[in-house]
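Since every read-out is calculated from the coordinates, none of them should be taken as a lab result. For clarity, every value in this text was computed on a predicted model and none was experimentally measured. When we count neighbours, we look across all protein chains shown, and the Cβ atoms used for this are built from the backbone with ideal geometry, even at glycine.
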Amino acid sequence: MGAKDESNFDQFLQKFDKALSLLNSYCDKPKSSFSENISFLLDKSLDHLIKLDNDSIKETQSLDPTHAALIKSQSVKIFFNEVLKISKVHSIHSSIITFAINLLLQLTNNEVKFELMYSESPNIFIKIQQLTETTVVENNEIKQSIMNFFLSLSKIKAGLYWLLNSGSLLFVVESLSDRTIFTRKKAEEAINYALPLLDDVNRETIFTKLLEPILKAGNKLENHQIESDKLKPYFEILEHYVTLTLTSNIMDKTGKTLSSLNTEQVLQNIVSSAENEKLLTQAASLIAAIYAKCALENEKERNAWEIKTIALIQMLLRRGFLRVTLSVISQSLFFWSHVKTSNFLVGQLVYLMIVPVLVDTKEVADHFPCYTTICQYWEDLADNSTKSISQTLSAMLHSNSELNELTSISLIGLNKSINKLGKDSALKITRSGIFLLGCLKVPEAKRMTLSSFTPQLAINLITSLCSYIDFYHIRWWETYETVCLPVIFTKIVAFNASRDIQVTCAGLKGIKFCIQQFIHPDQALLLTNSPDSSLHDMAEVLQQCTVSVHWEVRDSAMEVVLEMVQLSHVRYPPFQHLLIKSHLIEAALSAFNDTESYVRSSAIGVVAAATPVPLLWEYLSTNSSTPIISSCYFILQQDSEALARRAAAKALTLITQSGHFPLDEDRTTLYRQMSSAALSDLDWEVKLQALDFWQSIIDESLTQQGMLDGIFPELTFSKEKQKIVRLDSKEIRSRLQAALSELGSCGCLHILLQLVDDCDAPVREKSIRLLHRLRDILATHQSLDLNVFREISYLPQVATNEIKEVQDLTQANETIQKDSDEVIDEILSVDDTCLVAGILTNKDPKMRPDPVPVSLVNAQDFVNKINLMDIETMLTTTSMSSDLHVNDFDSLLEDLEDCIHTDTSRPRPDCY
């Protein structure tokens, strides 16, 4: 903005001063005289400042000249002093107070700005602190703006010290009990930012304030939902900070400090007497975190804290809270896995987490030779106290109808600690998980017949297995059980295809993962003598899923087929024959007409991925009732969903890059279609994809003229002269002119010039970058000087009728130009029924008209135009989001003036 342009800079400051003067004059007006639009208008007036806070300024903690001028501005200081004056604050419109606080936030949101603002106007901060002591903070709008301001200050050291010294941080702590969720969340976030920056003394003060409601609850416990909800933010902040110190290995004395505040005893009282599961889990998780932190701080007492952790789990189990017990074991595993010297306890906790996974899985022992060995491994790992807990846990789970749901808690906990357990434990966990997964593929297995069987177990289990295999790079030769995974996933999908959408999709995701990460050579069909490969069954199940009544299943199946097509080209060539034999490639073609846009998009992606694979492309070309390219054209022009049109544009780009448009006639149609997509589509992502196509055309044209990797080599082979030629400056310029002429005749240059004014910022930016690149190439080889730029004597021939159509179109457009006010009047004068008459008819919806012929651009005219462009400035302004600035500040000022009601009519702000 004006920071780079002195005149714009001064104009903005003058207009902003005028806006502040207007607001100052409103301070004495009665509240009722304001339009409700004022909040919107005030927010928009801050957008200029927000725009200047780009990422580079935030990262470098620098100061933009506009912000510096406003901080030092006398009118800004007067505005703050008037609006935040305690004696007047109750009579000022809340939107103006909110604006003042938000403006202060923008002027203090980094260290440099805060220091300057505090040195210029320290009294303003005093007024904010005084504001928190008045009843005006009972207004939600004002309090939320104050909390946003305090949150911003808590992220910078100087701001945090002001919060401490002014007592405002205690106000933030007190706001944890506010009735509004937004205020509580902002207060929690601010304290989370503040605690790591505080010294030990101040941190202990905050801990004391946070523990007060917990201590009060511990002395007089009320076992109901309201109590746990009320205490939740306090527990969460304390646990968050303890977890932060554990994961970051911060060697402070948090554990010792919390212990000295009698925290352990209070939490133990809650754990031993609370009946509310949420409250019980919150208290037990916090105490488990404190135990691990104390052990990290004092290695000599680590063994004592480990014993206390096991005792905590035993207490919860004795009280019969299975769900809470498993949650606390999960949390304890996460906490203690960050204490490097506690490997033994971590192993015990992992074993306890595996117990729910292995309960009622003996049914699959015959299918997995190592089942007994793995179970014995876990039992041998446990000591006496852990074995006792394990036996009690197994007995309680065995007869529990919620076994599957409780197992999910363990799986989620194992995922949380995945990066701390080591590969050996990961292998054992993976094998145990596969045993359970084996049960889920057998309909009559006990796990499947439980009355509380939940699909979430299968989903969590598949997610956990894939996560562990991926994180630790487990391959098929490391465990026998992983060889069975594709088979198990296939059977799970086959069984659930008509029963449960979520489980089926999770199974398909598992199949896709197996294909990506690891497959046994026999399964990959790499051996010619493996006709019984399990992948034949998998392909059959996939084919059935492509015609499922559920679009989610069809889409997931298409994603697996897409993965197979891609891998058939680079890793598993036998997949090509499998895709053809199992009719999966035909299923993709059929899905072009699917009723769901996601499925159409995935199906088009499958065909696009097949373009570089000769066998698959030949099969598609010869066995499709409708030509593939024509189908892509139809979707690109007529599909109602941008997702499908975007996929069609990408497919046509890949088809072009694969060389499947050999004839000039085919190219003419292609250019017309992609020109229409780039210029006329209503979705910006489709236009971006079309620009990717034109970028490939630019690359193709330059490559044909001898450019390699962005440069012209010294020597190249000339097809025209049938010999090696030297590329001197003159020859390069000639070739660049030929490339530009070709790009001009296919419509590419016209598109780039048109899209620099597109309504969508990403499209503008992309087109400007392509122009920037072309200009740099021309500049490098002295081809921007019109004195040395000569016209190429040959231009690609374009049909006369196409040129005539373009001329007719241009003439038609010129004849219908009307004054904008006249057009608006005509629209407003039409009856509503007439406007929707075309929609209300019973006729079929009209198809979009065929794309008009491409518009030609002379190469010399193109060079002349880009010479006149300030491309760098255009690129800079385009990178600023159009949503973050006001197009016309004068218009906004007029609307601010109209916010005082002078009559009964309601002022209407302009559209920004």
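Of note:
- 3J(HN,Hα) along region 272-287: 7, 10, 5, 10, 6, 5, 5, 4, 4, 5, 4, 5, 5, 5, 5, 5 Hz, from the Karplus curve 6.51 cos²θ - 1.76 cosθ + 1.60 with θ = phi - 60°, whole Hz, x for Gly and Pro.
- Sites Ser590 and Cys370, calculated FRET efficiency, Cβ-Cβ separation with R0 35 Å, nearest 0.05: 0.20
- Considering region 343-474, its Cα convex hull presents a mean projected area of 7.4 nm².
- Count Lys and Arg as plus one, Asp and Glu as minus one, and take only other residues whose Cβ is under 12 Å from that of Val763; the net charge is then -4.
- For region 343-474, the relative contact order works out to 35 percent when only alpha carbon pairs closer than 8 Å and six or more residues apart are counted.
- Using 0.36 nm per residue and subtracting the Cα-Cα separation, the extra length available between Leu708 and His577 on full extension is 43.6 nm.
- Student exercise, region 149-197 dipole from Lys, Arg, Asp, Glu Cβ charges, in Debye to nearest 20: 100 debye
- Sites Gln782 and Glu872 - FRET efficiency at Förster radius 25 Å, r taken between beta-carbons, to 0.05: 0.80
- Protection-proxy order for peptides 277-283, 125-131, each taking the mean of Cβ atoms within 10 Å per residue, highest first: 277-283, 125-131
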